[in-house]
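Below: the structure, in structure tokens.
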Amino acid sequence: MRIVELEEHFLLELDEIYDGDEARALFSLAAEHVLKLSPSKLRMVKDTSLTFIDFQKLLSILNDLKIGKPIQHILGEAHFYGSIFKVNEHVLIPRPETEELVDWIIHDLEGEENLNLLDIGTGSGCIPITIKKYLPQIKVSTIDISNRAIVTAQENAKTIGTEVKFIEADILTYKTDLKYDIIVSNPPYIRALEKEAMHQNVLSFEPHIALFVSDEEPLIFYSKIADFAISNLNENGFLYFEINEYLGVETLDMLRDKGFNNMELRKDMQGKDRMVKASLF
């Protein structure tokens with residue numbers, strides 16, 4: 001079978017789960033992974049016949065996609081800000097909006113020296129590892145409650161070649177005397193009431209501990225992290241959050257009530273409220 005014919009088979013088989021553009025993008029990721037071809041090269045050789053082994057590998061990926069398994073979990077990797085991160089069922093798949101948060105921080109800190117940064121809720125390690133990769137002069141630490149997530153993040157740090165300190169702890173109870181210039185977090189923020197609007201592959205395959213909060217206390221992690229920042233941010237330090245797009249105003253009100261200033265709410269590329277920056281000075 002030719003590559004282009006298998007692509008059409010992908011689109012037909014995934015029609016009930018994904019729209020045409022999504023299915024085509026999934027096939028492209030699968031084919032690039034199996035055939036080791038860049039996107040541009042793949043487009044040039046679509047009339048080429050597949051070997052039996054490659055054909056079977058791609059069919060296996062298709063079968064996993066049909067049950068809703070995310071392509072990143074099938075391939076065991078996800079692209080994030082120019083690097084490839086190992087991902088599995090123990091960590092969230094890195095999202096484009098998180099790349100935007102990381103990009104904001106990197107541009108804010110360019111040229112700065114002797115800073116200590118703490119990431120809270122590391123997951124795959126995409127936030128702290130990427131910041132350390134592009135700002136190697138900064139000392140970076142990160143916390144996660146999940147030992148399995150930390151193991152995955154440690155593997156990513158080693159593969160990408162960055163030195164990050166990992167701490168296994170629950171931020172709801174964690175205390176330390178250490179001070180930081182930057183605290184950043186993408187904590188759980190999806191309310192139970194929002195589950196119905198979510199894609200089934202997220203609900204079935206990604207760790208709920210990293211996703212969901214109760215409808216009654218949707219800002220529980222933001223409030224606790226803000227309290228932690230009050231005690232552990234240096235005088236001229238900043239707090240960065242990725243936030244629930246529906247709770248931007250509430251997040252700012254919470255921070256304001258706790259004494260934070262210089263707050264900035266940013267939208268992502270889709271025009272959704274997604275990022276907050278604040279300080280105590």
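Other residues whose C-beta falls under 10 angstrom from the C-beta of Leu247 contribute a net charge of -3, scoring Lys and Arg +1 and Asp and Glu -1. Restricting the range 135-181 to GluC sites (Glu not before Pro) that sit in a DSSP loop and have at most 12 other Cβ atoms within 10 Å of their own Cβ leaves Glu163.
Among the listed pairs Lys69/Lys224; Lys57/Lys132; Lys179/Lys277; Lys36/Lys132; Lys158/Lys179; Lys86/Lys133, those with a Cα-Cα distance over 24 Å are Lys69/Lys224; Lys57/Lys132; Lys36/Lys132; Lys158/Lys179. Each Lys or Arg adds one and each Asp or Glu takes one away; over the other residues whose Cβ falls under 13 Å from the Cβ of Lys86, this sums to -1. Remark: the range 104-113, residue by residue, has Karplus-estimated 3J(HN,Hα) of 4, 5, 4, 5, 5, 9, 4, x, 7, 10 Hz, where x stands for each Gly or Pro and the curve is 6.51 cos²θ - 1.76 cosθ + 1.60 at θ = phi - 60°. With the biggest extent put first, the Cα atoms of the chain measure 63, 41, 33 Å across the principal axes.
Helical content of the chain, expressed as a calculated mean residue ellipticity at 222 nm, amounts to -13000 deg cm²/dmol (DSSP H runs of 4 or more residues, -39,500 (n - 2.57) each, divided by residue number, nearest 500). Taking Lys and Arg as +1 and Asp and Glu as -1, the other residues whose beta-carbon sits under 12 Å from that of Ser231 total +2. Mean-square fluctuations from a GNM of the chain, with a 10 angstrom spring cutoff on Cα atoms, peak among Val34, Val213, Val91 at Val34.
Amide H contacts of Arg2: Leu50, each under 5 Å away and 5 or more positions distant or on a separate chain (H built 1.01 Å from N in the peptide plane; Pro and chain starts excluded).
We did not get these values from a lab; they are worked out from the coordinates using the rules stated. In this text the structure is predicted, and so the values were computed from the model without any measurement. Note that we place each Cβ from the backbone using ideal geometry, even for glycine, and neighbour counts take in every protein chain shown.
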